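Since every read-out is calculated from the coordinates, none of them should be taken as a lab result. Please read all numbers here as calculations on a predicted model, not as lab measurements. Cβ placement follows ideal geometry from the backbone for every residue including glycine, while neighbour counts extend to all protein chains displayed.
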Amino acid sequence: MALTPYQQQLHDRVVAAEVIPPPEPWRQVGRGIVPVGGLLGIGFAVHPETGHDLVLTVSNSGHGLFDAVTGEKLERDYDPEDDPDGPDLSCPGLGPVADVRIPVAGLWGGGLHSGAAGGWGVEVISPEWPSHRVLLVHGEGPERNGQHGETWWHVFHSSWSTFRAAGFSPTGRTLAVATSSDLTLWTRH
């Protein structure tokens, strides 16, 4: 099936857009990419003392809990009792959030928030499937002729690792992208 001229123009615009950092107030967490081999899914919680967003990673080798502001690994469980289950695809928390179940998005399904306060949005597109591109949008995205680097930013391109999930934390202060090999985080505080 051939693309219409509009679809071809949109495809070409997105494919030509280089990966660039998001604008202020967003900043990449830590060194950027956190390696998590065999990553299957992620979920969010809030630290009860610091108020920081926390990211739960679920992988073939267990569960991990990361501070989404610093990138620090807080807890690790190499032999968890549960993988995501139930109607909300949730897992038991770890460490400071051990008393809560955390909904997880990834290989099993589920989803993360696609919008955040202040008019921010995230779009996951695949103009050259199976590669995925993650766009941070504030205003008009590429489909409405917004300008790359002004109203939308191509912040992540997954071309060699299998895409799992992308989206905002429930607080809207963290943007996460998970692939089968790593976790990438941006925060705003």
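Taking amide H atoms as placed 1.01 Å from N in the peptide plane, the amide H of F44 lies under 5 Å from those of L56, each 5 or more residues away in sequence or on another chain. Note on semi-axes √(5λ) of the Cα gyration tensor in Å: of the candidates [x] 30, 18, 14; [y] 39, 19, 11; [z] 49, 17, 13, the value calculated from this structure sits at [x].
Put a plus charge on the Cβ of each Lys and Arg, a minus charge on the Cβ of each Asp and Glu, and nothing anywhere else: the dipole of the range 1-106 about its Cα centre is then about 520 debye. With a simple spin-label model that places each label point 7 Å from the Cα along the Cα-to-Cβ direction, the separation between A16 and A117 comes to 3.8 nm.
From its DSSP helices (H runs of at least four residues, each -39,500 (n - 2.57)), the chain gives a residue-normalised ellipticity at 222 nm of -2000 deg cm²/dmol.
Look at the dipole of the chain built from charges on Cβ: of G172, V55, G43, the Cα furthest out on the positive end belongs to G172. Counting only alpha carbon atoms, the long axis of helix 5-16 and the longest principal axis of the chain meet at about 50°. Could you compute the net charge surrounding D182? Neighbours are other residues with a C-beta less than 15 Å from the C-beta of D182; K and R count +1, D and E count -1. Every neighbour counted, the sum reads +3. Of L39, L175, L89, the residue with the greatest mean-square motion in the GNM of the chain, using alpha carbon springs below 10 Å, is L89.
Compute, for the range 19-187, the length of the dipole vector about the Cα centre, with Cβ point charges of +1 (Lys, Arg) and -1 (Asp, Glu) only. Units Debye, rounded to 20. Don't jump to the answer; show the numbers that get you there.
Values: 9 positive and 20 negative charges, 95 e Å.
About 460 debye.
Relative contact order for the chain: 24 percent, from Cα pairs under 8 Å spaced at least 6 residues apart, divided by residue count. The orientation-averaged projection of the convex hull spanning the C-alpha atoms of the range 92-189 amounts to 7.3 square nanometres.
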